[in-house]
Amino acid sequence: MRFIVLAFGFLASLAACAQDAPAEEKFKEGEHYKVLASPVRTITPGKIEVTEAYAYSCGHCFKFEPLIKAWEKNQPEDVKLVKLPVVWNPSMQILARTMYTGEALGMKDKVNKAVFDYFHVDHKQLKSEDDVAAIFAELGVSKEKFSKTFNSFGVSSQVQQAESRTKAMDVRGTPQMIVGGKYTVSATRDLGHEGMLQVVNFLVKKVRAEGDS
């Protein structure tokens, strides 16, 4: 009888350990994340680069924005978040150009919030340069300064790079995360946005370990 009680206790202990096991131990290639067929060169030397592929027009990205901002604030020095405005077709170039204009003017966060609100709070569409100029005007940027930056060679080059990276990173939906230029993960019905970030944390550790090997 004592043996049965001990055996039952041992099995119960194993079950408890299984329940307490870190969620990241369950993350598997092909199920929770994928490996890109060809690694993409990162643009932040010396950092573990985490790319968020997104679009201002994406409702899921709008809801994800507070989560990714909070996640970014809690990252160590060796992790760098890079936002990638996806460019699947010519009509999306204006969205990418808007983001890079905000970065060039040193007001990325303000622009991101204003444009997300433009789409998902005000329920408007960005259809022209004048539409974008109006948003920047509300943020205190003159039309001349905006136009010069918006149409600059530097911003145009970044838009072209965004289009190339969208293809190279095999971005098929938004938001999508790419870690270290080689691992990609998307939110699923089972994972959700919070779960996707858990997988990202797992992949960051994986990339860090691979770098030390």
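The values are calculated or read from the model by the stated rules, or taken from the named source; none is laboratory data. In this text, all values refer to a predicted model and were calculated from it rather than measured experimentally. Cβ: placed from backbone, ideal geometry, glycine included. Neighbour counts: every protein chain shown.
I need every pair where a residue in the range 133-157 that is closer than 12 Å to residue 101 by Cα has its Cβ under 6 Å from the Cβ of a residue that is among the β-branched types (Val, Ile, Thr) and part of a helix (DSSP H, G or I), sequence separation at least 6 or different chains.
The qualifying pairs are 149/101; 150/101; 155/101.
For the structure I just gave you, tell me whether residue 186 is without any contact (Cβ under 8 Å) to a residue 40 or more places away in the chain and crowded, with 18+ Cβ neighbours inside 10 Å.
On the way: without any contact (Cβ under 8 Å) to a residue 40 or more places away in the chain: yes; crowded, with 18+ Cβ neighbours inside 10 Å: yes.
For residue 186, the condition - without any contact (Cβ under 8 Å) to a residue 40 or more places away in the chain and crowded, with 18+ Cβ neighbours inside 10 Å - is met.
When you scan the range 45-68, how many residues do you find that are under 10 Å from the mean Cα position of the chain (by Cα) and aromatic (Phe, Trp, Tyr)?
Number of matching residues: 2.
I need the full set of residues from the range 88-108 which are closer than 23 Å to residue 197 by Cα and either in contact (Cβ under 8 Å) with a residue 40 or more places away in the chain or of a type in the set (Val, Ile, Thr) (or both), in order please.
Going through the range 88-108, the residues closer than 23 Å to residue 197 by Cα turn out to be 99, 108.
99 - this is the single residue of the range 88-108 that is closer than 23 Å to residue 197 by Cα and either in contact (Cβ under 8 Å) with a residue 40 or more places away in the chain or of a type in the set (Val, Ile, Thr) (or both).
Any idea which of (1) closer than 21 Å to residue 87 by Cβ; (2) in a helix (DSSP H, G or I) is the one residue 207 doesn't satisfy?
Answer for residue 207: the failing condition is (1).
If you scan the range 75-108, which residues turn out to be assigned to a loop (DSSP other than H, G, I, E, B), in contact with a strand residue (DSSP E or B) (Cβ under 8 Å, 6 or more places away or on another chain) and buried (at least 19 other Cβ atoms within 10 Å of the Cβ)? Steps first, please.
Initially, the range 75-108 is screened for residues assigned to a loop (DSSP other than H, G, I, E, B), giving 75-78, 86-89, 105-107.
If we keep only those that are in contact with a strand residue (DSSP E or B) (Cβ under 8 Å, 6 or more places away or on another chain) as well, we get 75, 78, 86.
The one that is assigned to a loop (DSSP other than H, G, I, E, B), in contact with a strand residue (DSSP E or B) (Cβ under 8 Å, 6 or more places away or on another chain) and buried (at least 19 other Cβ atoms within 10 Å of the Cβ): 86.
Looking only at the range 1-60, which residues are under 27 Å from residue 188 (Cβ atoms), at pLDDT below 95 and not in a loop (DSSP other than H, G, I, E, B)?
Within the range 1-60, 15, 17, 18, 19, 20, 23, 24, 25, 26 qualify.
What number of residues in the range 177-203 are over 13 Å from the mean Cα position of the chain (by Cα), under 17 Å from residue 80 (Cβ atoms) and among the hydrophobic types (A, V, I, L, M, F, W, C)?
Adding up the residues that qualify gives 1.
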